[in-house]
Amino acid sequence: MSVMIRNGRIVTADENYIADIFIAQEKITAIGVGLPYQANRIVDAAGKYVIPGGVDVHTHLDMPLGNISSSDDFETGTRAAAFGGTTTIIDYATQSKGMRMRDALSVWRKKAEGKACVDYGFHMIITELPDDYLNDMDEMIDQGVTSFKLFMAYPGVLMVDDATILKAMKKAAENGGLICMHAEDGNKIEAIVKKTIAQGKTLPIYHALTRPPASEAEAVQRAIDLAKEADVPVYIVHVSSQDALQKIIEARNKKVKIFAETCPQYLFLSIDDLEKPDFEGAKYVLTPPLREKWNQDKLWGGIKNNHLQIVSTDHCPFNFHGQKDLGINDFRKIPNGGPGIENRLHLLFDGGVLKKRININQWVAIISTTPAKLFGLFPKKGTIEVDSDADLVIWDPNKTHTISSRTHHMRVDYSMYEGFKVQGFAETVLLRGEVIINRGEWSGRSGRGRFIKRNKYA
Ligand code: DUC
Ligand code: ZN
Ligand code: ZN
């Protein structure tokens with residue numbers, strides 16, 4: 001099967017030009033003006049952008065949490081990703097206590113196999129690391145799981161101590177893994193939560209008020225110090241506040257190898273959303289929490305100036321009815337996380353490129369190229385070059401739509417961006433040369449997504 005994409009404006013992280021793209025055997029095999037080849041299928045992209053498929057390096061599909069699971073599984077979540085122009089995800093597998101990493105990986109691979117509609121890889125969350133588990137990290141790298149997440153929050157559940165973080169970082173310095181940090185001071189938060197509950201404060205807003213920006217900034221600084229000690233790069237996930245960003249800027253100015261992501265929710269939503277009446281604030285209970293609105297401009301500035309290199313979604317959906325409402329009387333019981341896997345490219349094009357906060361090459365860099373580079377997928381993913389996978393989005397820069405749970409494809413009963421009108425649309429999406437979204441309609445197949453063994457961070 002061959003495909004010719006005619007006359008699109010090809011936009012990558014550093015280029016912008018009009019040409020044809022010829023695809024055969026899942027790969028881009030030629031790029032040029034007026035390519036003379038015959039194809040089985042021709043896609044007319046005149047007047048549209050052609051960009052590399054989005055790479056979302058932070059998702060939680062079919063993620064267990066107590067007695068429930070995140071509401072999207074690998075089928076519904078990755079199909080929604082495709083509608084949003086994302087063709088590769090990296091999901092978080094969790095090594096729970098007493099479990100070896102290989103067993104955790106096999107559990108997560110089974111969740112995805114036969115279901116995923118786009119390509120996928122995994123990070124491994126480490127919850128304990130006794131010396132005899134250290135080689136598990138090498139084994140993961142051999143299996144193409146080349147990044148690891150450690151939590152500085154959630155004492156007694158996911159949190160690890162500094163000695164464990166340092167141990168994992170030193171191992172990563174040796175084997176080339178990339179350490180991803182959830183940076184929030186779990187002990188301090190625990191103490192504030194206890195006091196708050198004792199005062200009878202149980203509404204959703206207290207989720208945010210008990211996790212102040214200072215607790216994020218403290219943990220970011222500690223992660224930086226530990227990474228310096230281990231002499232290893234570190235990646236801070238879901239940066240939400242100016243306080244945390246400032247620590248990152250200071251370290252980067254001193255040439256510390258630190259990378260970081262933020263997420264659309266921190267760019268478009270704020271702590272005010274947690275005060276919505278009738279328990280609707282629970283829809284916005286995420287960790288780290290939404291911040292005061294003024295932080296948004298600071299985070300956009302961080303992206304523009306390349307202090308924040310990636311925007312991922314942290315897609316972690318729970319239904320409002322039946323899941324979020326478990327915490328109706330106690331914010332601690334509201335499952336943390338929100339949906340967004342389908343909305344990332346649209347929000348960032350409209351709110352970033354069209355509002356002139358970033359340029360169009362930066363948009364491609366933060367949604368596709370840099371995540372592919374940092375997480376060992378480049379140049380297979382994240383660019384438009386001969387020999388790259390033909391993961392492409394034909395992007396209509398003029399078409400608008402209104403985001404709504406009534407029309408979205410994520411399996412969740414609300415949208416955090418309900419009513420947002422956005423310009424720019426993922427009209428046609430190809431995964432390794434197969435059209436999986438055709439003019440806004442699903443034409444892919446569940447189970448066609450492939451597990452990608454990632455290279456090490458380079
Ligand atoms: N961290 C995440 O990365 N996602 C959901 C909740 C959390 O604490
Ligand atoms: Zn986290
Ligand atoms: Zn997450």
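All of the numbers you see were taken from the coordinates with simple rules; none came from a lab. Owing to the predicted nature of the structure, the values given are computational and were not obtained by experimental measurement. No Cβ is skipped: glycine too gets one built from the backbone with ideal geometry, and neighbour counts run over all protein chains shown.
The mean sequence distance of close C-alpha pairs (under 8 Å, at least 6 residues apart), as a share of the length of the range 53-374, puts its relative contact order at 18 percent.
Count Lys and Arg as plus one, Asp and Glu as minus one, and take only other residues whose Cβ is under 11 Å from that of THR402; the net charge is then +1.
Run the reach check for LYS381 against lysines, Cα to Cα strictly under 19 Å, same-chain hits fewer than 8 apart removed. What comes back? Within the straight-line limit of under 19 Å, LYS381 reaches these lysines: LYS27, LYS373, LYS453, LYS456. Per residue, the Cα convex hull of the range 222-373 amounts to 123 Å³.
Quick one: net charge around ARG102, please, counting Lys, Arg +1 and Asp, Glu -1 for every other residue with C-beta under 12 Å from its C-beta. If you can, show how the numbers build up before the last one.
Values: positive: ARG100, ARG109; negative: ASP103, ASP136, ASP138, GLU139, ASP142.
Cβ neighbours under 12 Å give a net charge of -3.
For the range 228-324, lysine pairs with C-alpha atoms less than 22 angstrom apart, excluding pairs fewer than eight positions apart on the same chain, total 20.
In terms of the mean number of neighbouring beta-carbon atoms within 10 Å, the peptides 330-337, 399-406 order highest first as 330-337, 399-406. The charge dipole of the range 53-374, taken about its Cα centre with unit charges on the Cβ atoms of Lys, Arg (+1), Asp and Glu (-1) only, comes to about 700 debye.
Residue order for ARG357, ARG445, ARG6, fewest other beta carbons within 10 angstrom first, comes to ARG445, ARG6, ARG357. The calculated 222 nm mean residue ellipticity attributable to helices in the chain amounts to -7500 deg cm²/dmol, summing -39500 (n - 2.57) over DSSP H runs of n ≥ 4 and dividing by all residues.
In what sequence do SER70, SER2 fall when counting other Cβ within 10 Å, fewest first?
On the way: SER70 24, SER2 15.
Ranking SER70, SER2 by Cβ neighbours within 10 Å, fewest first, gives SER2, SER70.
What shape does the range 53-374 take by its C-alpha gyration tensor, where a ≥ b ≥ c are the square roots of the eigenvalues and a/c under 1.5 counts as rounded, a/b above b/c as prolate, and the rest as oblate? In terms of gyration-tensor shape, rounded.
Projected over every direction and averaged, the convex hull enclosing the alpha-carbon atoms of the range 246-334 yields 6.4 nm². Charge tally around ARG411: other residues with Cβ under 14 Å, Lys/Arg +1 each, Asp/Glu -1 each, net -3. Listed by chain and number, the aspartates and glutamates whose alpha-carbon sits under 17 Å from that of LYS48, ignoring those within fewer than 8 places in the same chain, are GLU15, ASP20, ASP350, ASP391, ASP396, GLU427. Measuring between their Cα centroids, the range 145-186 and the range 424-458 lie 31 Å from each other.
Which of the aspartates and glutamates could a cross-linker bridge to LYS97, judged by Cα under 12 Å and excluding same-chain residues fewer than eight apart? Straight-line reach from LYS97, under 12 Å: GLU128.
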